[in-house]
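Here the structure comes first, spelled out in structure tokens, and everything after it is commentary.
Readers should treat all values here as calculations from the given coordinates under stated rules, not as data from a laboratory. For clarity, every value in this text was computed on a predicted model and none was experimentally measured. With ideal geometry, Cβ positions are generated from the backbone for all residues, glycine too; neighbour counts draw on all protein chains shown.
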Amino acid sequence: MQWLTSCISTTLVLLLLGLVVLFGLSARRLSQSVRENLTVTLLLDDDVETADADALALRLKDRPYVHRTTVITRDQVLQEESERMGTDPTEFLGGENPYTSSIELNVNADYACTDSLLWISKELKSMWQVADVVYQRDLVDNLNHTLRRATFWLSVLALLLMVISVVLINNTVRLSVYSRRFTIHTMRLVGASWGFIRWPFIRRSLSIGLTAAVLADALLFVAIRWMMAQDASVSTIVTPSIIAVMAGSVLVAGLLLTLVCTWVSVGHFLRMKENEMYR
């Protein structure tokens with residue numbers, strides 16, 4: 001019964017720890033995704049043909065700051081504007097297309113900041129095909145400010161929850177060892193070595209840690225599958241690599257924390273004098 005109680009309480013703590021890891025990694029992935037969706041628009045010269053635009057977009061993909069590029073041709077712009085206005089602008093311009101081609105460029109997350117975008121814009125403007133470079137500077141500043149604040153508070157919360165998790169597991173293990181403190185004292189009196197006394201407790205704690213970790217991972221996996229069923233976009237944020245890291249973290253934490261806490265707790269009672277055991 002005591003084993004089952006310890007296992008359940010440890011499972012709940014590891015579940016909390018797994019959620020911390022999951023939300024932390026997912027928040028980082030979400031932040032990266034949001035940054036990479038920032039669009040820098042390259043307005044091309046009037047004499048730039050579609051083939052030249054495609055060639056420029058292909059060359060830009062080799063730049064370290066480029067995540068992806070999309071070519072918007074003059075005909076595509078004309079079609080979109082005609083649908084938006086409900087009329088064809090070329091009818092008033094003698095059949096001439098007044099629009100120019102452009103390239104929508106998404107930078108890598110590490111370059112989605114004002115300083116980087118300034119020198120990136122200068123480099124892009126130096127290309128003969130580019131007439132102008134447009135991006136929303138205020139949006140970039142506000143986004144980075146918001147992400148920094150969110151990251152800070154999430155880190156504080158994660159640290160707090162991890163401390164709580166360690167304390168709870170330590171208390172669970174300590175209470176389990178405390179209930180057998182007289183057994184420890186008796187074994188010590190008959191001359192058993194500290195390692196011999198520790199081993200049954202360590203073996204028991206490892207079984208609790210392993211069982212609790214497997215149960216916590218199973219519950220987390222079910223929760224993730226449910227979220228993905230509710231919203232398919234969750235799979236783009238909670239990737240298989242994040243799930244693997246979360247599951248591994250829970251397993252390692254379950255084994256390591258119970259092992260360390262048991263080692264320390266048993267050592268504490270091994271050093272305890274007989275009159276102190278009645279307190």
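Annotations
- Cβ-based net charge around ALA109, under 14 Å, with every Lys or Arg adding one and every Asp or Glu removing one: +3
- Net charge contributed by nearby residues that have their C-beta within less than 15 Å of CYS7 (K/R +1, D/E -1): +1
- With contacts taken as Cα pairs under 8 Å and at least 6 residues apart, the chain reaches a relative contact order of 31 percent.
- Placing dummy labels 7 Å off each Cα toward the beta-carbon, the span from PHE196 to THR41 is 8.1 nm.
- In summary, the convex hull built on the alpha carbon positions of region 169-257 has an orientation-averaged projected area of 6.8 nm².
- Ranking of ASP52, ASP231, ASP141 by count of other Cβ atoms within 10 Å, fewest first: ASP231, ASP141, ASP52
- Counting only whole DSSP H helices of the chain, the ones at least 24 Å long by C-alpha along their axis and with mean Kyte-Doolittle hydropathy no lower than 0.5 are 2-36, 137-178, 194-230, 240-270.
- Three-way shape label, region 1-62, alpha-carbon gyration tensor, a/c 1.5: prolate
- Principal axis analysis of the Cα atoms in the chain yields extents of 105, 37, 28 Å, listed in decreasing size.
- Residues whose amide H comes within less than 5 Å of that of VAL66, counting only those at least five positions distant or on another chain, are ASN108 (H built at 1.01 Å from N in the peptide plane).
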